[in-house]
1. So which residues in segment 110-125 are over 33 Å from the mean Cα position of the chain (by Cα) and either of a type outside the set (D, E, K, R) or not assigned by TED's automatic domain parsing to the domain that holds residue 83 (or both)?
2. How about segment 108-120: which of its residues are in a helix (DSSP H, G or I) and either surrounded by 10 or more Cβ atoms within 10 Å (Cβ to Cβ) or modelled with pLDDT of 75 or more (or both)?
3. Is there a residue in segment 73-84 that is among the polar types (S, T, N, Q), at pLDDT 80 or above and under 30 Å from residue 49 (Cβ atoms)?
4. Which residues, taken from segment 86-119, are within 18 Å of residue 76 (Cα to Cα) and β-branched (Val, Ile, Thr)?
5. What's the number of the condition residue 74 fails, among (1) in contact (Cβ under 8 Å) with a residue 24 or more places away in the chain; (2) closer than 30 Å to residue 115 by Cβ?
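The values are calculated or read from the model by the stated rules, or taken from the named source; none is laboratory data. What you are looking at is a predicted structure, and each value in this text was computed from that prediction instead of being measured. Note that each Cβ is placed from the backbone with ideal geometry, even for glycine, and that neighbours are counted across all protein chains shown.
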Amino acid sequence: MRIIKLHSGLFNYLRKELKIKRTFPKLIKFLLTIVKAYCNELFKLYKESFKYLDPEFQKQKKQYEQYNKLRADLQRALKLLQFIDVKLAKSGVGRQVRRQFWRDFYRDGQVRKETFDDLLKEIGR
């Protein structure tokens with residue numbers, strides 16, 4: 001896709017720039033500059049595309065994607081826990097009761113299930 005964009009961009013640029021009147025030496029210099037820049041970009045693109053064939057790169061890419069997915073999941077979980085804590089505070093629950101709730105939440109799976117069920121009911125409104 002990037003190769004197509006490179007070629008279409010080059011074509012549009014040349015179409016626009018070749019309308020400008022230049023002397024022959026300036027035109028040659030302009031075209032040589034364009035060819036050098038085009039070859040450099042094309043070389044970078046091919047070099048980048050070959051790394052996708054490297055198994056080590058694929059492994060690192062998969063690890064990076066897993067890391068990003070885990071990070072996003074943790075951020076969502078943190079937001080959810082913060083929402084629960086704020087909801088408890090707004091409902092007038094005292095600090096000691098909230099601390100006991102979080103202890104139970106940590107230790108008892110049934111409390112976690114009930115909390116998430118209540119939250120899903122509230123969200124579903």
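1. Taking segment 110-125 and keeping what is over 33 Å from the mean Cα position of the chain (by Cα), we get 110-111, 114.
110, 111 - these are the residues of segment 110-125 that are over 33 Å from the mean Cα position of the chain (by Cα) and either of a type outside the set (D, E, K, R) or not assigned by TED's automatic domain parsing to the domain that holds residue 83 (or both).
2. 109, 110, 111, 112, 113, 114, 115, 116, 117, 118, 119
3. Among the residues of segment 73-84, not one is among the polar types (S, T, N, Q), at pLDDT 80 or above and under 30 Å from residue 49 (Cβ atoms), which makes the answer no.
4. Answer for segment 86-119, where residues must be within 18 Å of residue 76 (Cα to Cα) and β-branched (Val, Ile, Thr): 86, 115.
5. The single condition residue 74 does not satisfy is (1).
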